[in-house]
1. If you split all Cα-Cα distances of region 130-219 into 5 Å bins from zero, what percentages do you get per bin, shortest first?
2. Which residue, 257, 238, 225, has the largest displacement toward the positive end of the dipole of region 224-295 when charges sit on each Cβ (Lys, Arg +1; Asp, Glu -1)?
3. Using 0.36 nm per residue, how much length does the chain from residue 255 to residue 149 gain when fully extended, once their Cα-Cα distance is taken away?
4. If each of residue 6 and residue 219 carries a label point 7 Å out from its Cα toward its Cβ, how far apart are those two points in nm?
5. Taking a virtual spin label 7 Å from the Cα of residue 208 along the C-beta vector, which residues in region 217-243 bring their backbone nitrogen under 15 Å of it?
6. Give me the net charge for the shell around residue 220: Cβ to Cβ below 12 angstrom, other residues only, Lys and Arg +1, Asp and Glu -1.
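Every number in this text was worked out from the coordinates using simple rules, so none of it is lab data. Everything quoted here is computed from the prediction, not taken from an experiment. A quick note on method: Cβ atoms are made from the backbone with ideal geometry, for glycine too, and the neighbour counts reach across all protein chains shown.
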Amino acid sequence: MRNLIIFFRRYFNFFLFLLLEVICIVLVFQKNDFQHTAYVNSANRISGKMYDQYNQVEYYLHLTATNDSLVRENARLRNYLATTYDLLDTTSGIHSDTLRRYSDDTLHKLVESKVRKYFYREAKVVNNDINQHEVNYITIHRGRLQGVQPNMGVISSSGIVGVVRSVSDNYAVVLSLLSKVRSLSFSGKLYRTGEAGKVQWDGGSGMYATLRDIPRSATVHKGDTVVTSGYSSFFPPYIPIGYVDSVTVEDKASTSYSIRLRLATNFYNLEYVYVTENLLKDEQENLEDSTRAIK
């Protein structure tokens with residue numbers, strides 16, 4: 001306490017000068033319109049910048065919650081896409097989850113009904129292999145308790161990702177498109193002309209894959225979009241797979257192209273995916289298997 005008193009006694013004149021200076025400045029800004037206006041404008045500008053910086057920091061801290069909300073909203077909207085539904089035989093019964101189209105005239109007749117074929121579930125990526133030369137896996141935070149089962153397709157907001165291989169209660173492991181597995185090839189087609197072929201990764205860059213079995217009679221241009229054909233039970237039609245980067249003929253005697261695709265999905269920054277459930281998959285596969293068994 002004694003030292004504090006000594007300190008104030010020693011610098012009394014300096015602190016008195018500061019106090020009088022502050023009083024003078026306040027009186028100047030209060031009694032003069034020009035100085036008062038300049039002060040208010042400057043204070044507003046400074047406080048505005050401070051609030052802007054604060055809002056940016058607060059927005060950054062809430063990005064995770066914002067992303068989660070957007071992914072859930074995207075999954076909900078995907079479930080309303082027309083490609084999520086398939087044609088419905090209206091004579092077979094009543095289906096509650098359908099998409100109906102009516103005529104535009106005064107009669108308002110039912111023109112077309114479609115039954116839901118695909119259902120989307122959003123999921124967060126918690127592990128992602130991209131550097132293996134043979135097989136790469138992706139782990140997602142969605143499992144059996146959330147309705148995920150093996151052999152469901154997985155897509156991103158940009159394109160296809162892979163197929164679910166195994167599940168636990170709350171997690172699933174996805175066989176990535178970036179895998180050289182003989183059984184893992186996707187049916188893709190040229191969006192512009194419709195010719196279909198097989199898409200498979202060749203073990204090179206994680207940004208490219210190869211589309212084969214496109215006939216040489218097809219007109220293919222660099223930049224053409226390749227989408228899912230709908231022939232596979234994993235994915236709905238017209239999901240982007242990639243874009244034509246180059247077209248070659250491996251053998252002069254070959255009747256088809258080998259097309260290098262730049263993949264639509266960026267596997268290097270994959271954060272969220274959508275698991276696609278084909279609600280009619282079992283019916284289709286059982287019919288196909290029983291037909292093949294007939295001799």
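1. All Cα pairs considered, the percentages come to 3, 14, 21, 21, 17, 13, 7, 3, 1, 0.
2. The residue sitting most towards the positive pole is 257.
3. Details: separation 106, 0.36 × 106 = 38.16 nm, distance 3.87 nm.
Extra length from residue 255 to residue 149 when fully extended: 34.3 nm.
4. 9.7 nm
5. Counting only backbone N, you get 222-223, 242-243.
6. Result for the neighbourhood of residue 220: +2.
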